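Structure, as C-alpha cells:
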2 protein chains.
Amino acid sequence: MKEMPYKTYLEESEMPKAWYNVRADMKKKPAPLLNPKTLKPITKEELSSVFCEKLAEQEIDEDNAWFDIPDAVLDFYKMYRPAPLVRARFLEKALGTPAKIFYKFEGNNTSGSHKLNSAIAQLYYAKEQGLKGVTTETGAGQWGTAVSMAGAFFGLDTEVFMVKCSYEQKPFRREVMRTYGAKVTASPSMTTEIGRNINEKYPGTSGSLGCAISEAVEAAASKEGYRYVLGSVLNQVLLHQSIIGLETQSALKKLGVKADVIIGCAGGGSNLGGLISPFMGEKLRGEADYRFIAVEPASCPSLTRGTYAYDFCDTGCICPLQKMYTLGSSFIPSASHSGGLRYHGMSSILSELYDQKLMEAVSVTQTEVFEAATLFARTEGTLPAPESSHAIRIAIKEALRCKEQNSPETIVFGLTGTGYFDMYAYQAFHDGRMQDYIPTDEELAEPIKRLPVING
Amino acid sequence: MKEMPYKTYLEESEMPKAWYNVRADMKKKPAPLLNPKTLKPITKEELSSVFCEKLAEQEIDEDNAWFDIPDAVLDFYKMYRPAPLVRARFLEKALGTPAKIFYKFEGNNTSGSHKLNSAIAQLYYAKEQGLKGVTTETGAGQWGTAVSMAGAFFGLDTEVFMVKCSYEQKPFRREVMRTYGAKVTASPSMTTEIGRNINEKYPGTSGSLGCAISEAVEAAASKEGYRYVLGSVLNQVLLHQSIIGLETQSALKKLGVKADVIIGCAGGGSNLGGLISPFMGEKLRGEADYRFIAVEPASCPSLTRGTYAYDFCDTGCICPLQKMYTLGSSFIPSASHSGGLRYHGMSSILSELYDQKLMEAVSVTQTEVFEAATLFARTEGTLPAPESSHAIRIAIKEALRCKEQNSPETIVFGLTGTGYFDMYAYQAFHDGRMQDYIPTDEELAEPIKRLPVING
C-alpha cells in the first residue's frame, strides 16, 4: 500500500475554476443587509457606492452556487496556490492519538495568510471598473499586506488604516506594506472625521477593527475613483475564500479520506467560512455529515456570548447593517488581546448556520492558544499565527478526546497563517507576561444595550 | 501543448534519497583542512573533537559521490520539502525579456531559508551520537532558527551566538528561536574568553560571523556532551545542501528545460554550493555545460577581491585552517551592511572551482540589491531575503542582457529565503537611509597582511 504523503498538493490544472456560494444551498438564507439610512434591504446600486459593482453583485447574490474565477485572478493564485493539505504526523505522534490530523496551510505567501485569496479578487474587480485605488483597514496586518500586494500587482493605490495596537506592536508589518507601495495610517487617526471623534471620545484607545473600517469607508467616499475593500465578514469574502475548502475537498478526495470534524478560527469568519463552505454544502444537500467547530478568543466571543441581531458592521455606524452574532459595534476588545480575531461581529452566513445549529462554537483564552502554538511549532516545524493557533488548540483537544474514546476520527483544521510578525506576543508569552482577559457579563451588556432598534 | 506550470513540485516519492558530493568529480580537489596547532592536514579523529563523528567523516571524504540521507532526516525534509521550482513569469513580463527565469524557492519554512536542510542533518547525527546539545553561531538569523527547530525536533539543547548587529536589528528572530527552546546570546559576548578579548580589542564592535564561530566553538568545547555545528562554508554543509540542486535538476528534467545560467548568492557558499553541485558534476564529467555565477556583497567581496590562501575559519583562530578565497579572518564587514553574507571567506570547494575558472563571481551594492528585491516583491509576490536578492539582481541583469541580445536563454537562480525578519533594512531603504559601503584597497590590505604563514 502506498504511504500517505505528508503534504498533498493539487496540480495547478486541478485548481478550482469557480468559487462556491454556500447561500445557494441554504434553505433559510441569511437576513439581508440593511441600508443604514432607510433600514430597508440595501440594493445593489446603493451598495455600489461603497464596493465595486461586481463585488456588490456577489455580496447580494444568494441564488447562484458558482462564480467563475477570472483568468487574471487564477494566474495570480498560481503564484502561491494550490496550498498544501498537510498530515500532522508528528503532532499526532506527540499526542499519541488514534486520530488523523490534517491542516490546510494557507501561510506560504508574503501576506502570511489566506487573506490574499480575497484581496486579489477584490482588487481585480476594482481594476476592471477603472478605479484609481482602494482603502481598507487591517487588524493583525495580514489583510493590509494582502491588499498591498494585490495593489502593487494591478498598479492600484492602496491606503491602509491599521488598528493602532497592532501598528505599534508590529512596525515591520507596516514596512512590508510599504515595500508594496501602500500608505499605512494608525487607526483611530486624525485624518478622518470618525477617527477624530473616536480619539476624542476614547482618549488613548488602542483601536478596533470596527473603528478602522469606518475610517477606511470615509476615506474612500471622500476621494474620486476609490472604493473600500474589506477582508472578512462579507459574503463576497466567504465566496472568494471558498477556494480553501474546495482545494481541501479535492485533496481529501485524492487521499480517499473523509473528514469527521472540521475546525477553524473565527474572527469575522473569512477563513472558517471559506474552509467549511463546500463541506457545509454537502451537509445541506444531505450528501455527507460533518461536525464544524468555530474557535474564537475568550476576549472577543461573538458567537459564544454575543446576541443574534441586526448591528452595524463598523463603530462609526456608516456601513450597512447586518444580522449577525454580535457583541455590539461599540465593543472594543482589551488591548491585552494579541493579534487578529478582534471583530465585534461575525459573518452573517456563519451566524445563520450557527443559529440553525449546523455548526458548533467554542472560545479559548490566549495563554491556551500560545501553549498550543508552541507545541505545534516544536513538532510540526511551522511557527503558527496566533489566530490559527486557536484552531490548533481545539484540534488538539479533539485529538485527545479521540484518544480517550479510542476513536480514529479524521480532524481537519485551517492553519490560516504564520506568526512571523507576531513575535511581540510570543515574547510576552515566553516572558510570562501574557494576560488572559475574559470580559464580564456586565462589560458585555453595555454595548448590547446600544444595539440599533430595527422594526421596533 | 500543455502549458508550463508556475511552480513545479516533485512528488515526495521523487525526492532525492542521497546527497551528492561534488568533490568526487573534481580532478583537482580542494586543499585539505589543516590542524591549527600542527598545520598538518587534519585527521578525522582530530576533527571529531569539534564535530560529530559522522560529520567529520563527511567533511573529509572527497571520494564518495553519494551519501544516503537517513530516514529520520528524510521524514523531516518532507515537512517542508520538496521546495518548488518557480517560473518567474511576471518578472519576465516586467522586464520584457525573451529569457526564461526560474527560481528555486527555499523560503517556505520557519527558518525562512535553505539552512534547515543542513541543520536537521547535523542535529540528527548529534542525536545518533548520544550528545546532549550543540552550540552554533548565526548571522542574519536563519541558521540559528534552523538549528533551534532541529533541536526542538530531536530534543537537543541548542545555544546560539548571534552576531550583535543582527541581534539588535532583529529582536524577533531571537523570539522565534526561543519558541523552539534555544538559548540566544549576542556575540561578541562576555560569556567566553574569545568574546571578552574581542570586546576589549574592538570596543563597541557590531560583531562578525568569524567571531561568533569562535565563541560557539569555545562554548561547545567547555561542556561535556556538546559539539559545534556550522551552517555554511564546510564541505558537509555543501553536501547536505546538494538537495537544492538535485531537486532543481529533477524539476528541470520534468519540464524538459536545460538551464544556461545558474546564479546564487554567496556568503560562505552553502546555498550556491548546494544549488550548483549536481550541475557542476555534469560539467566536470563533460555531460553538459553551464555558466555559474556567484553573487556577493560589495561590502564583503571575498571571491572578487580576496586572496586564495590558507586562513582561519574564525576570528579567534581556534578552528581548522582552510584554503579559500578570503579577506582575512580579522576582516569585519561594515555595520551598515544588512543581513547575512558577512563571512570573511568562502567554501573551499567553491574557492577551488572559482580558481579553476569553472565559476564566475560578481559583487553588488546593497541599494542595487534592495531595488531588485522591491521589483521582485511587486511582480512575483514574495518578499525576498536581502541575501537572496543579490542573486535576483544579477538574474535581472542577465535577463536584460538576453533582451539586448535577443537571446532566449534559461536563467535559474536560488531564492534562498524570505525577508520577513529583515524589515529593519527594508525600512532604511524605504526611508532613503541605506548606505552602500565598498571597502578601499587599503582597508582590505590590512587583514590580508595578518594571514597565517603556511609552509613559509
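The values are calculated or read from the model by the stated rules, or taken from the named source; none is laboratory data. No experiment lies behind these values; they were computed from the predicted model shown. When we count neighbours, we look across all protein chains shown, and the Cβ atoms used for this are built from the backbone with ideal geometry, even at glycine. Surface areas here come from the heavy atoms of the whole protein model, side chains and all, with no ligands, DNA or RNA. Shrake-Rupley method; radii C 1.70, N 1.55, O 1.52, S 1.80 Å.
For this structure, a couple of remarks:
- Expressed as a whole percent, the accessible area of chain A that falls on carbon and sulfur atoms is 50 (1.4 Å probe).
- Placing +1 on each Lys and Arg Cβ and -1 on each Asp and Glu Cβ, with no other charges, gives the stretch B:335-456 a dipole about its Cα centre of roughly 140 debye.
- Per-residue [θ]222 nm for chain B (sum of -39500 (n - 2.57) over DSSP H runs n ≥ 4, rounded to 500): -12500 deg cm²/dmol
- Teacher prompt: A:S13 distances to equivalent labels in other copies, 7 Å Cα→Cβ, nm: 1.8
- For the stretch B:246-264, the residues whose amide N sits under 13 Å from a probe point set 7 Å from the Cα of B:S407 along the beta carbon direction are B:260-262.
- Rounded to the nearest whole Hz, the Karplus-based 3J(HN,Hα) values (6.51 cos²θ - 1.76 cosθ + 1.60, θ = phi - 60°) of the stretch A:116-126 follow the sequence 4, 4, 8, 4, 5, 5, 5, 6, 4, 5, 5, with x at glycine and proline.
- Among A:L95, A:I120, A:T38 - extreme Cα towards positive end, dipole of the stretch A:1-128, charges at beta-carbon: A:L95
- The largest-to-smallest principal axis extents of the Cα set in the protein assembly as shown are 98, 63, 57 Å.
- Orientation-averaged projection of chain B equals 20.5 nm² [convex hull of Cα atoms, one quarter of hull surface area].
- Label-point spacing for B:R196 across the identical copies (point 7 Å from Cα in the Cβ direction), in nm and ascending order: 6.2.
- Cleavage-rule hits, trypsin sites (Lys or Arg not before Pro), the stretch A:4-62, DSSP coil, Cβ neighbours within 10 Å at most 13: A:K17, A:K27, A:K28, A:K37
- Within a straight-line Cα-Cα reach of under 19 Å, B:K357 can be paired with the following lysines, leaving aside sequence neighbours fewer than 8 residues apart in one chain: B:K27, B:K28, B:K29, B:K283, B:K323.
- Label positions at A:K37 and A:M4, each projected 7 Å from the Cα along the C-beta direction, are separated by 5.6 nm.
- For the stretch A:1-50, a drop of 50 Å² or more in accessible area on going from the chain alone to the assembled protein chains (1.4 Å probe) is found at A:Y6, A:K7, A:Y9, A:E12.
- Distance between the stretch B:199-239 and the stretch B:303-376 - C-alpha centres, whole angstrom: 17 Å
- Between B:R291 and B:S222, the FRET efficiency from the beta-carbon distance, with R0 = 56 Å, is close to 0.75.
- Inter-label distance for B:K253 and A:K132, nm, one decimal - labels placed 7 Å from Cα along Cα-to-Cβ: 5.6 nm
- A:A24-B:E168 FRET efficiency (beta carbon distance; Förster radius 56 Å; 0.05 resolution): 0.55
- Between this copy and the others, label points of A:D431 are 2.2 nm apart in ascending order, each placed 7 angstrom from Cα in the Cβ direction.
- Viscosity 0.890 mPa s, temperature 25 °C, Stokes-Einstein D of the stretch A:28-160 from Kirkwood C-alpha radius, µm²/s: 142 µm²/s
- Residues of the stretch B:84-133 buried by at least 50 Å² of accessible area upon assembly of all protein chains, compared with the chain on its own (1.4 Å probe): B:F90, B:N108, B:T110.
- Cβ-isolated cysteines (cut-off 4.7 Å), chain A: A:C52, A:C165, A:C211, A:C265, A:C300, A:C317, A:C402
- Loop-resident sites, the stretch A:271-330, for trypsin sites (Lys or Arg not before Pro), counting at most 16 other Cβ within 10 Å (DSSP): A:R285
- Under 14 Å from the Cα of A:K132 - aspartates and glutamates, other chains or at least 8 residues apart: A:D157, A:E159, A:E224
- Computed FRET value (nearest 0.05) for A:T440 with B:L444, which takes r as the C-beta separation and R₀ as 56 Å: 0.25
- Listed pairs A:K17/A:K254; B:K127/B:K183; A:K7/B:K403; A:K78/B:K254 exceeding 27 Å between Cα atoms: A:K7/B:K403
- Loop-located trypsin sites (Lys or Arg not before Pro) across the stretch A:88-133 with a Cβ neighbour count of 15 or fewer within 10 Å are A:K132, with loop assigned by DSSP.
- Accessible area buried, both sides summed, chains B and A with 1.4 Å probe, Å²: 4100 Å²
- Heavy atoms of the protein chains alone define the surface here; on that basis the stretch A:124-166 has 23 Å² accessible area per residue at 1.4 Å probe size.
- Bridgeable lysines around A:K397 (alpha carbons under 16 Å apart, same-chain partners fewer than 8 residues away excluded): A:K93, A:K100.
- Interface residues, the stretch A:170-218 - accessible area loss of 20 Å² or more versus chain alone, probe 1.4 Å: A:F172, A:E175, A:V176, A:R178, A:T179, A:Y180
- Average accessible area per residue (Å²) across the stretch A:1-66 - probe 1.4 Å, nucleic acids and ligands excluded: 56 Å²
- A simple charge model with +1 on the Cβ of Lys and Arg, -1 on the Cβ of Asp and Glu and nothing else charged puts the dipole of the stretch A:272-344 at about 80 debye relative to its Cα centre.
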